[in-house]
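Read-outs: derived from the displayed coordinates by stated rules, not from any lab. Just so it is clear, the structure is predicted and the values come from calculations on it, not from any experiment. With ideal geometry, Cβ positions are generated from the backbone for all residues, glycine too; neighbour counts draw on all protein chains shown.
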Amino acid sequence: MKNDTNNKLTILGFPGWMFVIMAIVLFFLGKTDMLLGGMVGALGYAMVVGTLLGWIGNKIPVWKTWFGGGMLFSSLATAAFATYGLLGVKTLKNLNAFNGSMGFLNLYILILITGSVLSIDRKMLIRSFAGYIPTILGGVVLSMLFCGAVGAVTGIGFVESMMDFAIPIMGGGNGAGITPMSKMWAAAKGLGDEAASQWWAGAFATISLGNLCAVFMSALLNKLGQMKPNLTGNGQLMRSTGNDKAAVNLDEVEIGAGDYATGLALGLFCFAIATFYGKHISFINKAGLGFKIHEFAFMVILIAILNISDILPVQVRAGARGMQLFFVKYMSFPLMVTVGVGSKLTDYAKVFTNPANFLCIIATVLGAMLGTYIVGNFFNFYPVEGMLTAGLCMANGGGSGDVQCLGAANRMDMMSYAQISSRIGGAIMLVIASFFFGRFL
């Protein structure tokens, strides 16, 4: 996606005209359901069409500066494809499966977690993690209060608005958030699965729009950081004390193809161990508390332990960092395609039937940002990074929302913190939801 020495446009190394033809051909095959199935067809479509959409989004004036550029554009464009029948039924199903059951989203996230955690200086890693959960809780409290206040003014009700909007939005997305919440809601009301499904449908529309608001605010935070450099660490959460200089800058370590493979193997191994621990060992997950900690949360902890213990050779850490940079640079737009096809633009429109609903959603997102800004200051967090990860990555749609928010803010390096918000923060919200549903329904 650059101009070569002859001033000719190139995209992924191809001449621009050639890449556009490739994208048109794959778009046609996807529309007519003649695209190759399985991982190859899905990745081919996502990589070529997604990269072109991302390139277009990064060229649109105003949009590229204020609204997330190519990352959000590629996601919304493919959501439009899904909404208006521009993808064949089989192609749509295959792209959804590639992101979900085939594990492309999981692969992307585990690579970013491995590289990002191992890139942080050990002392700063310990200090930043110690203040992160309290910062999340600050955002949760203020998001619920803001939403409740708007609900009280608009007639929805103080407590009702918190249960209908703030709790679902801050709950960690769909699978680990509103799905178990719907069961809690139905149980508290003494109703069955049909009622749970009805609550889930409304909550899904709510978190979809909440996610969109969070992504837009992420792009605005990126712009704020550019305008006010003192408010951002450019991907670093905590301000340096002067004694936090890393012994080795991993970006300066020379690595080869073998080191990339080493970083990939480390990430896959740690994810396998974290998944095994979460399913078979974790006393929290086996205690029947009504919620479970996601394997990505355990993976963040495992990688952090490896970093703090300093047992990994520098070359291994540099390889993990190299894989992270590769995925961020070349796999982000393809991922946005697979994320986008999982939603429809009509999902967002449902919430606009009542303007008060939209105001409650905005209040929740703004409260999450302000709460994390206030508490984060006590732990010496940069405002942009603190509000982005502890605030907006709580208010987005979970794992895919983390990718969208960090992409819009141009801070993919912060995936480890985002996953703590979505996974551990999401589990905290399930406990809060259980209390509110049991007490007020």
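Can you tally the lysine pairs in region 106-440 where the Cα-Cα distance is under 25 Å and the two residues are eight or more apart, or on different chains?
The number of close lysine pairs in region 106-440 is 11.
Where does the chain land at 222 nm, in deg cm²/dmol rounded to the nearest 500, when only DSSP H runs of n ≥ 4 count, each adding -39500 (n - 2.57), divided by all residues?
The helix contribution divided over the chain gives -21500 deg cm²/dmol.
State, to one decimal in nm, how far the label point of Ile284 lies from the label point of Ser197, with both points 7 Å from Cα in the Cβ direction.
Distance between the two pseudo-spin positions: 3.2 nm.
Could you tell me the number of lysine pairs in region 2-102 with C-alpha atoms less than 25 Å from each other, where the two lysines are 8 or more residues apart or belong to different chains?
Counting lysine pairs in region 2-102 gives 6.
As an exercise, use a Förster radius of 56 Å and the Cβ-Cβ distance of Ile133 and Phe14 to find the FRET efficiency, rounded to the nearest 0.05.
Values: r = 46 Å, r/R0 = 0.82.
It comes to 0.75.
Once both labels are modelled 7 Å past Cα along the beta-carbon direction, what's the Ser101-Lys329 spacing in nm?
Computed distance between label sites Ser101 and Lys329 equals 3.5 nm.
Kindly put Thr83, Thr135 in sequence by how many other C-beta atoms sit within 10 Å of each C-beta, fewest to most.
Fewest-to-most Cβ neighbours within 10 Å comes out as Thr83, Thr135.
Would you kindly derive the ³J(HN,Hα) couplings of region 100-110 from the backbone phi angles with the Karplus curve 6.51 cos²θ - 1.76 cosθ + 1.60 (θ = phi - 60°), listing them in order in whole Hz, with x for Gly and Pro?
Karplus-based 3J(HN,Hα) across region 100-110 equals x, 5, 7, x, 4, 4, 4, 4, 4, 5, 5 Hz.
Considering the chain as a Gaussian network with a 10 Å cut-off on Cα pairs, which listed residue, Ile60, Ile169, Ile113, attains the greatest mean-square fluctuation?
The residue with the greatest mean-square fluctuation here is Ile60.
Starting from region 140-239, pick out the chymotrypsin sites (Phe, Trp or Tyr not before Pro) whose DSSP state is loop and whose Cβ has at most 12 other Cβ atoms within 10 Å.
Hits after loop and neighbour filter: nothing returned.
Tell me, what is the percent relative contact order of region 93-179, built from C-alpha pairs under 8 Å that lie six or more residues apart?
14
Give me the one-decimal nm value for the distance between modelled label points at Phe269 and Lys123, 7 Å along each residue's Cα-to-Cβ direction.
2.9
Multiply the residue separation of Lys189 and Asn234 by 0.36 nm, subtract the distance between their alpha-carbon atoms, and state the gained length in nm to one decimal.
Working it through step by step, the gained length comes to 11.6 nm.
Determine the relative contact order of region 2-102: mean sequence separation of Cα pairs under 8 Å and six or more apart, normalised by residue count, in whole percent.
Values: 90 pairs, mean separation 27.3, N = 101.
In percent, rounded to a whole number, it is 27.
Taking Kirkwood radius over Cα pairs in Å as the quantity of interest, determine which of [x] 21.6; [y] 22.2; [z] 34.4 was computed from the displayed structure.
[y]
In Å and from the alpha-carbon atoms only, list the Rg and Dmax of region 78-118.
13.8, 43
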